[in-house]
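Please read the structure below before turning to the comments.
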Amino acid sequence: MAEADQPQQKVFPRTTGWRRVLISTTAAGLGAVALLSAVAALIGGSEAAYSAAAGGGAVVVLSAISLAIIDLCERHAPHLTMAMFMLGFCLKIAALAMLLPLMDTSQWLQPAWALGAGIGVLVLWQTVEIMTFARLRVTVEPDASDFYNL
């Protein structure tokens, strides 16, 4: 059989729509962190760049973890996906609320840059997430029959 006739291997053989959302949002988030850190370095120096990277990076890490959990759930327990989506969101907010007061605001941390980058990355992340999810054309609510198979 010629190479052209062979079926192509998928990068993620058991991928879900959530994996596509995870990849696109993470790429956009990391790009935004890099761009905002570069702008902060030009305007405010290295401490501003580190602050922007810390603020934006925290958003990327926490958001990527919650989407990875949802992707895992979609592949193994699809009927729990929306519940895990909400649980992941609540845990992300709770983790931020508990960790922020414990953070040492060292000399290098410039809160304005960290907060600005965090908000910028979060807005971009949510925008890309909505746009990617809208293109998937999947139902948000699983079949009612799935609820009877618990």
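Every number here is computed from the coordinates shown, using simple stated rules; none is lab data. This structure is a prediction, so every number in the text was calculated from the model and none was measured. Using ideal geometry, Cβ is built from the backbone for each residue, glycine included, and neighbour counts are taken over all protein chains shown.
Once the Cβ-Cβ distance between LEU72 and ILE119 is put in as r, and R0 is 30 Å, what FRET efficiency do you end up with, to the nearest 0.05?
On the way: r = 28 Å, r/R0 = 0.94.
The calculated FRET efficiency here is 0.60.
Net charge around GLU129, counting only other residues with Cβ within less than 14 Å of its Cβ (Lys, Arg = +1; Asp, Glu = -1)? Please list the in-between numbers first.
Values: positive: ARG19, ARG20, LYS92, ARG135; negative: ASP71.
Once all neighbours under 14 Å are counted, the net charge is +3.
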| request: Report the equivalent ellipsoid semi-axes for the range 31-134 in whole Å, largest first, defined as the square roots of five times the eigenvalues of the gyration tensor built from alpha carbon atoms. | output: 29, 16, 9
